[in-house]
1. Condition first: touching a Leu at 6+ places or on another chain (Cβ under 6 Å), modelled with pLDDT under 95 and either under 23 Å from V164 (Cβ atoms) or of a type in the set (A, V, I, L, M, F, W, C) (or both). Now tell me which residues in segment 44-86 satisfy that.
2. Would you confirm whether any residue within segment 26-41 is among the aromatic types (F, W, Y) and in a helix (DSSP H, G or I)?
3. So A58 fits all but one of (1) under 25 Å from L18 (Cα atoms); (2) touching a residue at least 40 places away in the same chain (Cβ under 8 Å); (3) in a helix (DSSP H, G or I); (4) out of contact with any Pro (no Cβ under 8 Å at 6 or more places or on another chain); what number is the exception?
4. When segment 11-59 is examined, which residues are found to be more than 19 Å from V148 (Cβ to Cβ), surrounded by fewer than 17 Cβ atoms within 10 Å (Cβ to Cβ) and of a type in the set (G, A, S)?
5. Select from segment 60-76 the residues that are surrounded by 13 or more Cβ atoms within 10 Å (Cβ to Cβ) and not hydrophobic (A, V, I, L, M, F, W, C) and write down the one among them that is farthest from F107 (Cα to Cα).
6. Could you give every pair whose Cβ atoms fall below 7 Å, whose first residue belongs to segment 3-29 and is modelled with pLDDT of 85 or more and among the polar types (S, T, N, Q), and whose second residue is surrounded by 11 or more Cβ atoms within 10 Å (Cβ to Cβ) and in a helix (DSSP H, G or I), counting only separations of at least 6 or pairs across chains?
7. Going residue by residue through segment 63-71, is there one that turns out to be over 17 Å from the mean Cα position of the chain (by Cα), in a helix (DSSP H, G or I) and not hydrophobic (A, V, I, L, M, F, W, C)?
8. So T43 ticks every box in (1) in contact with a Lys or Arg (Cβ under 9 Å, 6 or more places away or on another chain); (2) closer than 19 Å to L154 by Cβ; (3) of a type outside the set (G, A, S) but one. Which box is left unticked?
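The values are calculated or read from the model by the stated rules, or taken from the named source; none is laboratory data. None of these values were measured; they are calculated from a predicted model. So basically every Cβ, Gly included, is an ideal-geometry build from the backbone, and we count neighbours across all protein chains shown.
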Amino acid sequence: MDLAILHMIHTLSVVPLLNSVMVGFTSLGEYGAVWLALAVMLTLTKKYRAWGICLVAAVGLTWVLGDVVLKPLVARPRPFMVDSSIALIITPPSGFSFPSGHSGASFAAATIFFLSPARRLAKVAVAILAIIIAFSRLYLFVHNPTDVLAGALLGIVCACVVVVAYRRLNSMAESRGWRIPSFFDEQV
């Protein structure tokens, strides 16, 4: 079923401009770079500093659980390794396929933004970017739909865990009368 869906998506690849766009979006997601850059920008502002830190933690937790733990454990080959009839338009990624790290980091970021006090437009923009990055992995034939879905779910769960842990840590510190460092001043 995964390959059938991928082949259906791959019919779109006859448009050279779309190929370039998808390569560009997938490049934004490499190593969670766009999300880590966004986190750095958030930490530079007092209002969103805590959210920037939560974003780094969520992307980091997603990477550890997805790429370090689950990928070697599941050891699922990438779709282009299973079906070599499709010529890749990017350098073949190494490593296993399940779950998608691009999707995990993207949906971790989108969840952090969804839970934050950011403006609705920013939340929608981040969600759209996350969806496009995840879709680019299917379009480029480097992940199966279930890899992308699992990565997205992992990112959402990791972001929620980070926010809950942050809130508990903050509450525990306040109940003990501890001075909370400046990056914990903003309520998450």
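1. Across segment 44-86, the qualifying residues are Y48, W51, G52, F80.
2. For segment 26-41, residues among the aromatic types (F, W, Y) and in a helix (DSSP H, G or I): present.
3. (1)
4. Selection gives S20, A37.
5. R76
6. N19/S13; T26/H102; T26/I133; T26/S136; T26/R137
7. No, there is no match, as no residue in segment 63-71 is over 17 Å from the mean Cα position of the chain (by Cα), in a helix (DSSP H, G or I) and not hydrophobic (A, V, I, L, M, F, W, C).
8. (2)
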